[in-house]
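Take a look at the structure below.
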Amino acid sequence: AAAVIAAQQPAHAFLGIGEDRSAQYTKETQKMIDDIKGALELEANSDAREEAMKVVKDETVAWVSKYRRDGKFSGRQSFSLMYSAVNALDGQLVSFGLKAKVPKKRLDRMMKSIEDAERQLQRGR
């Protein structure tokens with residue numbers, strides 16, 4: 001009986017139960033960071049930037065909706081830093097549109113938050 005118990009495989013997630021949400025959070029947050037950085041590097045007033053910002057906006061709304069109310073993630077430093085950057089970016093997009101250039105001071109502040117969040121994410125925080 002002991003050999004059977006020792007040889008058992010770990011249970012796989014079913015309908016999200018038993019799923020490693022920490023790994024999922026890390027993966028989704030890193031993808032969002034990469035997408036935001038890529039979109040902000042595109043030329044202002046270009047159609048490519050508009051399309052990239054649409055994707056970023058949808059992605060940030062989904063990310064905030066998914067993790068904001070979950071204490072396991074909302075208490076993390078990476079979440080707080082990303083949430084701050086996402087709020088600034090979403091405010092910019094709502095006020096000035098998807099193609100508009102982000103003012104340097106706001107961009108610098110957002111990028112600092114994003115870089116700090118990425119560093120905390122890599123540390124598992």
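Can you find, within segment 17-59, the residue that is nearest to residue 116 (Cα to Cα) among those that are hydroxyl-bearing (Ser, Thr, Tyr) and open to solvent by less than 50 Å² (accessible area, probe 1.4 Å)?
Only one residue fits best here, namely 29.
Which condition number in (1) among the hydrophobic types (A, V, I, L, M, F, W, C); (2) at pLDDT below 55; (3) in a helix (DSSP H, G or I) is the one that residue 11 fails?
The single condition residue 11 does not satisfy is (3).
Looking only at segment 60-69, which residues are surrounded by 17 or more Cβ atoms within 10 Å (Cβ to Cβ) and of a type in the set (S, T, N, Q)?
60
Condition test on residue 72, is it in contact with an Asp or Glu (Cβ under 8 Å, 6 or more places away or on another chain) and charged (D, E, K, R)?
It is false that residue 72 is in contact with an Asp or Glu (Cβ under 8 Å, 6 or more places away or on another chain) and charged (D, E, K, R).
Cβ-Cβ under 8 Å, sequence separation 6+ or interchain: first residue in segment 101-125 and without any contact (Cβ under 8 Å) to a residue 60 or more places away in the chain, partner assigned to a loop (DSSP other than H, G, I, E, B) and basic (Lys, Arg). Which pairs?
Listed by first residue and then by second, the contacts come to 120/76; 125/76.
With respect to residue 81, is the statement that it is at pLDDT 95 or above and either part of a helix (DSSP H, G or I) or open to solvent by less than 30 Å² (accessible area, probe 1.4 Å) (or both) true?
yes
Give segment 39-75 a look and list any residue that's assigned to a loop (DSSP other than H, G, I, E, B), without any contact (Cβ under 8 Å) to a residue 24 or more places away in the chain and over 28 Å from residue 125 (Cβ atoms), or say none.
Correct list: 42, 43.
Determine if segment 99-108 includes at least one residue that is in a helix (DSSP H, G or I) and open to solvent by less than 30 Å² (accessible area, probe 1.4 Å).
No, segment 99-108 contains no residue that is in a helix (DSSP H, G or I) and open to solvent by less than 30 Å² (accessible area, probe 1.4 Å).
With respect to the numbered conditions (1) surrounded by 13 or more Cβ atoms within 10 Å (Cβ to Cβ); (2) at pLDDT below 95; (3) assigned to a helix (DSSP H, G or I), which one is the sole condition not fulfilled by residue 94?
(1)
The values are calculated or read from the model by the stated rules, or taken from the named source; none is laboratory data. Values in this document were obtained by computation on a predicted structure and should not be read as measured data. Reconstructed Cβ throughout: ideal geometry from the backbone, glycine too, with neighbour counts over all protein chains shown. Calculation scope for accessible area: heavy atoms of the full protein, side chains included, ligands and nucleic acids excluded. Shrake-Rupley method; radii C 1.70, N 1.55, O 1.52, S 1.80 Å.
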